[in-house]
Amino acid sequence: MKRLNNYIRAVCQKIKNKDLRKSTYRELKTHYLMKLEKIMKDKKLNKNEAIEVILKSAGNPKKIGAKINLANTPWFFRYPYIMLSLVSSSILFITVILMTSYIMHQRFFPKLISFLSSSESFYSLIIKDLEAIEKAPIFKPHSRERNAHIFLSKKFKNQGEGKNFLNDINAFSAKHQILKIDQNSFSKVLQDPDLMKIDTSWAQEIYSFDHWNYFEDEVIKRNIKRVSGGDSIEKISFIASYSIPELFTFLKWSAIYSLQMLEKRRPEEGAKFFRHAVNLVNSTGSNIGQNIAVIGLKFESKFLEVNQIDSKRTTVELADTYKRVSWGWISLVNEISIDSSKISALKKYMKPEFGFCSAITEYPMGLSLMSSFFSNPWPFELNLEKEIKENLTFQEAALEECGLKVLKPLLRPDKREATWSKKSGIGNSSFVAVPYVRQLLAYHLFLTAKPRYTSLYDNLVVK
Amino acid sequence: MPVNKELLKGSMKTLVLKMLLSKSSHGYELAQRIEQLTKGNIILTEGTLYPLLHSLEADKCIESFWEKPAGKRKRKVYKLTKLGKENLSEKTKSWNEFVKTMKLVLEAA
């Protein structure tokens, strides 16, 4: 009997849990005693002989004990190496999250907030520029509402077989750098026989189109609503090219016309026409249009100076001021927090003649476009939803202020707009799903897209 | 003819669950019932039976309790649980499917 007990003990030695060991010992003991009785009875053997039979077929006690022990071991203790690697990975992951959080909160977020907020110098610079424009207005406040889109589209398409006409303008312009012409080059351009070959016979018809505040036109109102369902790129392309197709080529063509007038010894007529063209280009209300208009203002300035035309001339410096202001408004409306005291000072300048439209028409490229990167973040990320909402309220108020309510649909991001970033290549990349990476990405995109007003002063070389 | 051990390996749990479906039993009784039912073709050794019972108990397919019948030894009895019944039903289904498929293949060959 001792041998059988020793065998059962050997099995149980492998069981680590004390209670389980005791209960298994009792269970096995009962089992073997029943078996022992049966063998003794069936085979007519004595106890020792029956024990011998049992032990012969009993198997390795250590192996059996180990199997019983394993069956009672929770799964996560059965594979210690897997568990260890899982625990280590979790610790590593949490450490990375905590470290990243620390770095982001200590370094990145303050930097981002400061980037998205205006500095004192920003306000003083833009106010100074706006005051300069107020003293010597470049563009008049207008009210007529006409649209040159259909007219110009037809002309560009039908004149000189379409593309050739536009190519000829661009080629001639490139040959003489027309819009950057200097005082000594005028005579050279006038001597070029190709100058008079470019068709400007229909130029005078342009005077029928003077579309300041053209946003109030019923057709464009409908189109603004239609395009507001599109993405930011669609909105900007639409606004930038709606009233004047081939904006830049149109300005070059207008410069060519004024030079033709100069050749015909009617420079005043040329100057008058060119100013009208600049007005049209500027009134597209886009930053692109306003910047092209600035190029036109510089050409006009030289044209008037060379021909000693007694007309009110916009200096090159003032033209650059207008350019800075155009970018400045965009920068302003991309601020996440706008100082209300500064706003009241800026309010009176929120008008098309101060270049304000660029702020609205270019706006969807900025904060609105990036809003999906800053909303619905992980709990530990930066949440700018509140600021973005406040900014939109400011935008709408600004539109009311300058009588551009009609542009409201361009501001409020619709359902498609909110998911634009997700639909785009960047938005679809797996990086966007990683906490913080999305916001870092947005910051860098913003860094590229958002103009920084103060740096305009450093980069803009006045010629 | 004793059943091939390798074939039996994957079906042990089904076998034990099925036995406990009809009657709760202690380990020795269970081994005896299987041996009798299979006419000695399947003999469960202690080294196979007890790790299997403990494993099924850990998986909550069976539960155990101690009983002391009058004039007999105290013994640990195993009983099928609700989860065990569900598990058995699934295992039976897949076993029948397996047998049907094997039969198809073997008869076709």
Checklist entry - Can you tell me which residue in segment B:55-66 is farthest from the chain's Cα centre (by Cα), limited to those that are surrounded by fewer than 17 Cβ atoms within 10 Å (Cβ to Cβ) and away from chain A (no Cβ under 11 Å)? => result B:PHE65
Checklist outcome for this item: Screening A:TYR102, A:TYR79 for residues that are surrounded by 11 or more Cβ atoms within 10 Å (Cβ to Cβ) and more than 14 Å from every other protein chain (Cβ to nearest Cβ) leaves only A:TYR79
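Being within 14 Å of another protein chain (Cβ to nearest Cβ), modelled with pLDDT of 90 or more and open to solvent by 70 Å² or more (accessible area, probe 1.4 Å) narrows it down to one residue among A:LYS41, A:LYS47; which is it?
The conditions single out A:LYS41.
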Checklist entry - If we keep just the residues of segment B:71-85 that are part of a helix (DSSP H, G or I) and farther than 14 Å from B:SER25 by Cβ, which is most open to solvent (accessible area, probe 1.4 Å)? => result B:LYS82
Checklist entry - Restricted to segment B:13-45, and to residues that are open to solvent by less than 40 Å² (accessible area, probe 1.4 Å) and within 18 Å of B:GLU86 (Cβ to Cβ), which residue is nearest to the other protein chains (Cβ to nearest Cβ)? => result B:VAL16
Checklist entry - Within the set of pairs 6 or more residues apart or between chains, which connect a residue that is assigned by TED's automatic domain parsing to the domain that holds A:SER57 inside segment A:1-14 to a residue that is part of a loop (DSSP other than H, G, I, E, B) with Cβ atoms less than 8 Å apart? => result A:TYR7/A:ALA58
Item to check | For A:ILE133: the one exception among (1) of a type in the set (A, V, I, L, M, F, W, C); (2) in the same structural domain as A:MET350 (by TED's automatic domain parsing); (3) open to solvent by 40 Å² or more (accessible area, probe 1.4 Å) | outcome: (3)
Item to check | Test result for B:THR92, assigned to a helix (DSSP H, G or I) and either loosely packed, with under 12 Cβ neighbours inside 10 Å or free of Cβ contacts under 8 Å to residues at least 60 places away in the same chain (or both) | outcome: no
Checklist entry - Would you call A:ASP320 farther than 23 Å from A:PHE209 by Cα and in a helix (DSSP H, G or I)? => result yes
Item to check | Enumeration of residues in segment A:270-296 that are over 31 Å from the mean Cα position of the chain (by Cα) and either in contact (Cβ under 8 Å) with a residue 40 or more places away in the chain or buried (at least 17 other Cβ atoms within 10 Å of the Cβ) (or both) | outcome: A:GLY270, A:ALA271, A:PHE273, A:PHE274, A:ARG275, A:HIS276, A:ALA277
Checklist outcome for this item: Every listed condition ((1) in a helix (DSSP H, G or I); (2) open to solvent by less than 100 Å² (accessible area, probe 1.4 Å); (3) not charged (D, E, K, R)) holds for A:PHE93 save (2)
Checklist outcome for this item: Going through segment A:258-301 in order, the residues found to be of a type in the set (Val, Ile, Thr) and under 21 Å from A:GLU317 (Cα atoms) are A:VAL278, A:VAL281, A:ILE288, A:ILE292, A:VAL294, A:ILE295
Next on the checklist: Can you list residue pairs whose Cβ atoms sit under 9 Å apart, with the first residue in segment B:72-87 being touching a residue at least 60 places away in the same chain (Cβ under 8 Å) and more than 14 Å from chain A (Cβ to nearest Cβ) and the second being crowded, with 18+ Cβ neighbours inside 10 Å and in a strand (DSSP E or B)? Count only pairs 6 or more apart in sequence or on different chains.
Outcome noted: B:LEU80/B:ILE62; B:GLY84/B:ILE62
Checklist entry - Listed residues B:SER64, B:SER11, B:SER22; which is more than 20 Å from A:SER57 (Cβ to Cβ) and in contact (Cβ under 8 Å) with a residue 40 or more places away in the chain? => result B:SER11
Next on the checklist: Here is a list: A:GLU387, A:GLU362, A:GLU381. Which entry is at pLDDT 80 or above, open to solvent by 20 Å² or more (accessible area, probe 1.4 Å) and in the same structural domain as A:ASP129 (by TED's automatic domain parsing)?
Outcome noted: A:GLU387
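The values are calculated or read from the model by the stated rules, or taken from the named source; none is laboratory data. Remember, it's a predicted structure, so these values are computed and weren't measured experimentally. Please note: Cβ atoms are built from the backbone with ideal geometry, for glycine as well, and neighbour counts cover all protein chains shown. Protein only, heavy atoms only, side chains kept; ligands, DNA and RNA dropped before computing areas. Shrake-Rupley method; radii C 1.70, N 1.55, O 1.52, S 1.80 Å.
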